[in-house]
Amino acid sequence: MKEISTAIRQRRAYFSKAYTQKEIPIEIIEEILENANWAPTHKRTEPWRYRIFHSLEARQRLADFIASDYKKHAPAEMFSEIKQLEISEKPILSGCTIAICLHRDAAESLPEWEEVAAVAMSVQNMWLTCSAFGIGSYWASPGFIARLGPVLELSDGEKCIGLFYMGYLKENAVAPAIRSNMKEKIKWM
C-alpha cells in the first residue's frame, strides 16, 4: 500500500525545459503504453488512441506544424516570434511526444464524458509509469490540437484531446508538491 501511495503522491508535471536530450528507448515507451492500455473502461470501449512522435524527425514535423499553425492563427497584433519558438520547441525538447486521442464508438453507446474520463485514466497510468522510470511528463491541451487531425491521420470518430510530453529530467529539475487539505473537499453523509 505504501508503494502505490508514494507513487501517486510523488507524480508531478515536469515541463519540457526540464528535460535532457537523452533518448527514451522504444521498449520503455511500449511499457508506458501497455500500462495505459489497462485503464478502466466502461463497456470495454477502450477509447484511448495514441500517436507517437519518437524520432527527432517526427518530433520536428510536429514542431513545424505547431510553428506554422501559430503563425497562421495568432492575431497579428498578438503574434510573437518568442511565443512561436516556445510552443514549437516543446516536441524537440522532449524525448517523446504522444498525441492523446479519443475514439468514440460508432454507436456512441456511452456519454462522451465517460470516454474522456477513460482516456484520462489511461494517461494517468502513463504518467505514473513515466514517474517510475524517472521520466518527466505532462499533459498539455493547447488550442491547436483541434487542427492536428491531418497531421495525426485521425479516422472517423477520433479527435485529439491533448499532447503528452515526456523526457528524462535534468539533475536540478524540481516540481513542487502542492495540494490543499482533503478534509476541506469532502462531506461525510
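The values are calculated or read from the model by the stated rules, or taken from the named source; none is laboratory data. Since the structure is predicted, the reported quantities are computational estimates derived from the model, not experimental observations. Here the Cβ positions follow ideal geometry from the backbone for every residue, glycine too, while neighbour counts run over all protein chains shown. Ligands, DNA and RNA are excluded from the accessible area calculation, which covers all protein heavy atoms including side chains. Shrake-Rupley method; radii C 1.70, N 1.55, O 1.52, S 1.80 Å.
Given Ala67, Ala39, Ala58, which one is open to solvent by less than 40 Å² (accessible area, probe 1.4 Å) and not in a helix (DSSP H, G or I)?
Details: Ala67 fails: not in a helix (DSSP H, G or I); Ala58 fails: not in a helix (DSSP H, G or I).
None of the other options fit; the residue is Ala39.
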Kindly indicate which of Arg51, Arg9 is surrounded by fewer than 18 Cβ atoms within 10 Å (Cβ to Cβ) and touching a residue at least 24 places away in the same chain (Cβ under 8 Å). Arg9
Which members of the stretch 42-55 meet the condition of being among the basic types (Lys, Arg) and either touching a helix residue (DSSP H, G or I) at 6+ places or on another chain (Cβ under 8 Å) or part of a loop (DSSP other than H, G, I, E, B) (or both)? Arg51
Flagged in the stretch 23-36 as open to solvent by 90 Å² or more (accessible area, probe 1.4 Å) and either of a type in the set (Phe, Trp, Tyr) or assigned to a loop (DSSP other than H, G, I, E, B) (or both), in numbering order, are Glu23
Qualifying positions in the stretch 145-171 - open to solvent by 50 Å² or more (accessible area, probe 1.4 Å) and under 15 Å from the mean Cα position of the chain (by Cα): Ala146, Lys159
Single unsatisfied condition, Tyr138 versus (1) surrounded by 14 or more Cβ atoms within 10 Å (Cβ to Cβ); (2) of a type outside the set (A, V, I, L, M, F, W, C); (3) without any contact (Cβ under 8 Å) to a residue 24 or more places away in the chain: (3)
Hey, any hits in the stretch 82-92 for a residue that's of a type in the set (A, V, I, L, M), over 20 Å from His42 (Cα atoms) and more than 19 Å from the chain's Cα centre (by Cα)? yes
In the stretch 104-129, residues that are over 16 Å from the mean Cα position of the chain (by Cα), over 12 Å from Gly157 (Cα atoms), of a type outside the set (D, E, K, R) and open to solvent by 40 Å² or more (accessible area, probe 1.4 Å) total 3
